[in-house]
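Data block below; observations after.
The values are calculated or read from the model by the stated rules, or taken from the named source; none is laboratory data. All figures in this text were calculated on a predicted structure; none of them were measured in a lab. Every residue, glycine among them, receives a Cβ derived from its backbone with ideal geometry; neighbour counts consider all protein chains shown.
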Amino acid sequence: MDHIFYKQEIERLKNQWPNSYSEERMIIFFNAFRNAHQKDFHDAVSYCLANCRSAPLLPELTEAIIKMQTHRKAQERYDQSNRQRDDLFSAIKGAALENKTSDPAFVLKCLKLASDKENKKIDSKSYQKALDELDKEAEILTKKKGTYENPDNWKELVEEATRIVEDQKKNNASKDPFFNFK
C-alpha cells in the first residue's frame, strides 16, 4: 500500500475521531498494514467507521482487515467458479443455438444433466451413469457427421435450453458470499 493512500484512509478515521491518532500511532499502523491490499484496507476503514463506537486501534483494524480479506477471497473464488460454470452452460447453449449440425435434444440433455449436478438433484453415481449414456449417444451422433436435420420443435428446445441457463444463473446468484457476509 502506498503512503499517500494510507494517509487518505487514516484521515477518514481522524475525521471521525480527531484526537485519537497521534503521529506515532499512525507510523505503527502503517508498518503493521503496509502489505495489506489497498481495497482491504479501505473496506476495513469503512467497516470500522460504520461499526466502531470508539476509535479503532491496532486489534480492531487487524480484525477488520482479516474480515475484508476473507470476504474478498471468497468473492474471488465465487466469481471464478461462476465464470467456469457460465462458460460450461454458455458453451452448451451455444451448441444448441449456433451449430445447426448439433442435435438440440442431446444438447438439452447435457444442459439438464449439468444443471441437476450443479443443484445437487442427482448423486455422483447417477451423474456418472448419465454421463456414460451421453457419451454413447455422442458417439452415435458423431458418426452421423452433421447429417442431423433440425426437428419441428427446434424453437421449444432452444427456449428450454435458455430457461435452464437462466435458472442456473439465478441459483448461482443466491450462493454469492456477499449476501452471507457478516
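Descriptive notes on the structure:
- Any chance Arg34 is surrounded by 14 or more Cβ atoms within 10 Å (Cβ to Cβ) and within 33 Å of the chain's Cα centre (by Cα): no
- Tabulated pairs, segment 59-78, first over 11 Å from Cys48 (Cβ atoms) and not assigned by TED's automatic domain parsing to the domain that holds Phe30, second of a type in the set (A, V, I, L, M, F, W, C) and not in a helix (DSSP H, G or I), C-beta under 6 angstrom, 6+ apart or interchain: His71/Phe181
- So Ala50, is it in a helix (DSSP H, G or I) and surrounded by 14 or more Cβ atoms within 10 Å (Cβ to Cβ): no
- Ala64 being crowded, with 16+ Cβ neighbours inside 10 Å, of a type outside the set (Val, Ile, Thr) and modelled with pLDDT of 90 or more: yes
- Note on segment 105-130: among residues that are outside any helix (DSSP H, G or I) and basic (Lys, Arg), the one that is modelled with the highest pLDDT is Lys121.
- Residues (under 35 Å from the mean Cα position of the chain (by Cα) and surrounded by 14 or more Cβ atoms within 10 Å (Cβ to Cβ)) located in segment 17-31: Phe29, Phe30
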